[in-house]
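So the structure is just underneath, and the comments pick up after that.
The values are calculated or read from the model by the stated rules, or taken from the named source; none is laboratory data. Predicted model only: the values in this text are computed from it and were never measured. Ideal geometry is used to build each Cβ from the backbone, glycine not excepted, and the neighbour counts take in all protein chains shown.
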Amino acid sequence: LGTALLAAALPVSFIRDKALRRESGILRELPNALEVLSLCVEAGLSLEQGLSQYLANARSQPLAEELSKVLEQTKMGSSRKEALRAMAQRLNLTDVSLMVTSVIHAEKFGTGVAKTLRQLSATVRDKQAQRIEKAVNELPVKMLLPLLLFILPVTFLIIFGPVLLSFFN
């Protein structure tokens with residue numbers, strides 16, 4: 001019964017771990033992609049040209065794959081708005097949804113897309129720094145159980161072992 005439960009839980013755990021790694025890779029690369037896109041748009045390229053420029057220089061990453069899907073959809077006739085919204089739905093990440101809505105609103109209201117992308121990049125970098133800070137602050141709590149179970153008993157044994165041996169002898 002235990003083996004069956006373990007065999008059923010392993011694939012789910014494996015898929016969840018892969019999904020979390022993919023999400024963290026996307027969130028880690030998003031500020032850099034936004035920075036490159038803002039530089040390309042400031043240089044006079046369109047957003048699609050900026051995407052193709054980013055994809056030409058990007059390594060194979062989850063974000064690059066998703067942005068290439070957006071570029072393919074726009075080349076096949078879909079509007080940029082629809083392609084970006086489809087990407088936001090596929091990824092279901094708040095930072096990506098924020099990027100999509102910001103770009104759509106910037107185009108809709110005529111504000112500068114480059115400026116919007118640059119501000120968004122700074123915002124996403126700040127959020128990333130806050131996530132890292134939160135993870136670092138949670139480390140002592142996560143280290144408490146292994147410390148109490150494994151390190152402290154061995155330390156007490158080393159320190160008080162000779163005293164106990166001399167006491168019983």
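Assorted remarks:
- Within segment 58-80, the set of residues being part of a helix (DSSP H, G or I) and closer than 17 Å to L34 by Cα comprises P62, L63, A64, E65, E66, L67, S68, K69, V70, L71, R80.
- In segment 64-89, the residues that are within 22 Å of T123 (Cβ to Cβ) and loosely packed, with under 14 Cβ neighbours inside 10 Å: Q89
- Residue in segment 2-23 that is at pLDDT 90 or above, in contact with a helix residue (DSSP H, G or I) (Cβ under 7 Å, 6 or more places away or on another chain) and closer than 19 Å to T101 by Cβ present: no
- Options T111, T101: the member that is among the polar types (S, T, N, Q), free of Cβ contacts under 8 Å to residues at least 24 places away in the same chain and not in a helix (DSSP H, G or I): T111
- Residues that are surrounded by 11 or more Cβ atoms within 10 Å (Cβ to Cβ) and at pLDDT below 90 do occur in segment 95-108, at least one of them.
- Total residues in segment 40-63, condition surrounded by fewer than 20 Cβ atoms within 10 Å (Cβ to Cβ) and free of Cβ contacts under 8 Å to residues at least 24 places away in the same chain: 12
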